[in-house]
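Below is one structure, written out as structure tokens; the observations come after it.
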Amino acid sequence: MFYLVGLGLGDASDITVKGLDIVKKSKRVYLEAYTSILTVGKEALETFYGRKLILADRDMVEQCSDELLADAEIDDIALLVVGDPLGATTHTDLIIRAVEKNIKYKVIHNASIMNAIGCCGLQLYNFGETVSIVFWEETWQPDSFYDKICINKKLGMHTLCLLDIKMKEQTMENLMKGRKTYENPRFMTVAQACQQLMEIIQKKQEQGEDLCLRDETVCIGVARVGSDEQHIIAATLKQLTSVDMGAPLHSLVIPGKTHPIETDMLRHFALDDSVKAILQRL
Ligand SMILES: C[S@@+](CC[C@H](N)C(=O)[O-])C[C@H]1O[C@@H](n2cnc3c(N)ncnc32)[C@H](O)[C@@H]1O
């Protein structure tokens, strides 16, 4: 059997009882560590699970699935994925390859950023399409995520923005060994995402386009959701460009039309009185 086991969002103890049983009994256990991270490294997971884990990089999962799935017809093989195995990260390609090899599979679900984002006070029912904000390079500065945010906003829907992770192989290994020396840029911060959004707004303004986002639009930055160090700040887009949300992972939420209860919750996370005043007028 091939198991995809979700690890949740916080630390080693967020695995489900069912997931832990599978980890303990599986012949090989891989840890997918390139799409997301926990606040603890591989060693802490190994100590908690009481067994060794094999690091699975993007190449192994996407190009060398034969190696990963080897003997899964007869033995139990598990792939651990931070969050939910099918939340935001699509591991469906791996499932398709298992099915094509006549390997049975099971998904053990867990909390995902896709549902835990409810912690910011906005109703999950009212979210539109999730977008990814990628690191800009000198010659590659895509802004299609802005258009999607505008489509959601026009429909009154909130947007969850997942922020880019650029990981070198060595970086991943260091991280998984629990070394918390995060070089920049590796995990996009809320401030970096807001900076890129401000640049897009400025460009659109110069081109005379209608704007769906402004410097003073209240947005919500979240960091390390689901961990003991979870941090949530509601502030204007401009303010968020200089707010330090601390260690990764970060996400950004752009509210659409807010219900009074949602606004009440946002007020609890307001950076200062000026943000509370804007929320009061929504
Ligand atoms: C590609 S998604 C992987 C999602 C994961 N499989 C899940 O179900 O949560 C990774 C992105 O989600 C966001 N993210 C994941 N976990 C997070 C957390 N605990 N706090 C804040 N953002 C998080 C970050 O923007 C990160 O770059």
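Read-outs throughout are calculated quantities, based only on the coordinates presented, and are distinct from any laboratory measurement. A quick note: this is a predicted structure, and the numbers were derived from the prediction, not measured. Cβ coordinates were reconstructed from backbone atoms using ideal geometry, including for glycine residues, and neighbour counts include every protein chain displayed.
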FRET efficiency, 1/(1 + (r/R0)^6) with R0 35 Å, evaluated for Ile74 and Ala247 via beta carbons: 0.25
Paramagnetic label zone (point 7 Å from Cα along Cα-to-C-beta, Gln195; backbone N under 20 Å) in the range 20-43: none
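Per residue, what volume in Å³ does the Cα convex hull of the chain take up?
Working: hull volume 39.5 nm³, N = 282.
Expressed per residue, the convex hull around the Cα atoms of the chain is 140 Å³.
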Length-normalised contact order for the range 2-111 - Cα pairs under 8 Å, 6+ apart - percent: 46 percent
Low-density loop positions, trypsin sites (Lys or Arg not before Pro), the range 223-277 - DSSP coil, at most 14 other Cβ in 10 Å: Lys257
Kirkwood hydrodynamic radius of the range 188-282, Cα pairs, Å: 13.8 Å
Residue-count net charge about Lys148 - beta-carbon cut-off 13 Å; Lys, Arg +1, Asp, Glu -1: -1
For the chain, built as a Gaussian network whose Cα springs stay under 10 Å, the top-fluctuating residue of Asn102, Asn152, Asn110: Asn102
Global form of the range 114-280, assessed from the alpha-carbon gyration tensor, a/c cut-off 1.5: oblate
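Subtracting the Cα-Cα distance from 0.36 nm times the residue separation, let me have the gained length for Trp140 to Gln202 in nm, one decimal.
20.6 nm
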Helical contribution to [θ] at 222 nm, DSSP H n ≥ 4, -39,500 (n - 2.57), averaged over the chain, rounded to 500: -9500 deg cm²/dmol
Cleavage-rule hits, trypsin sites (Lys or Arg not before Pro), the range 27-89, DSSP coil, Cβ neighbours within 10 Å at most 15: Lys27, Arg51, Lys52
Overall Cα dimensions of the range 2-111, principal axis frame, Å, largest first: 34, 27, 21
For peptides 126-137, 60-71, sequence by mean Cβ density within 10 Å, most packed first: 126-137, 60-71
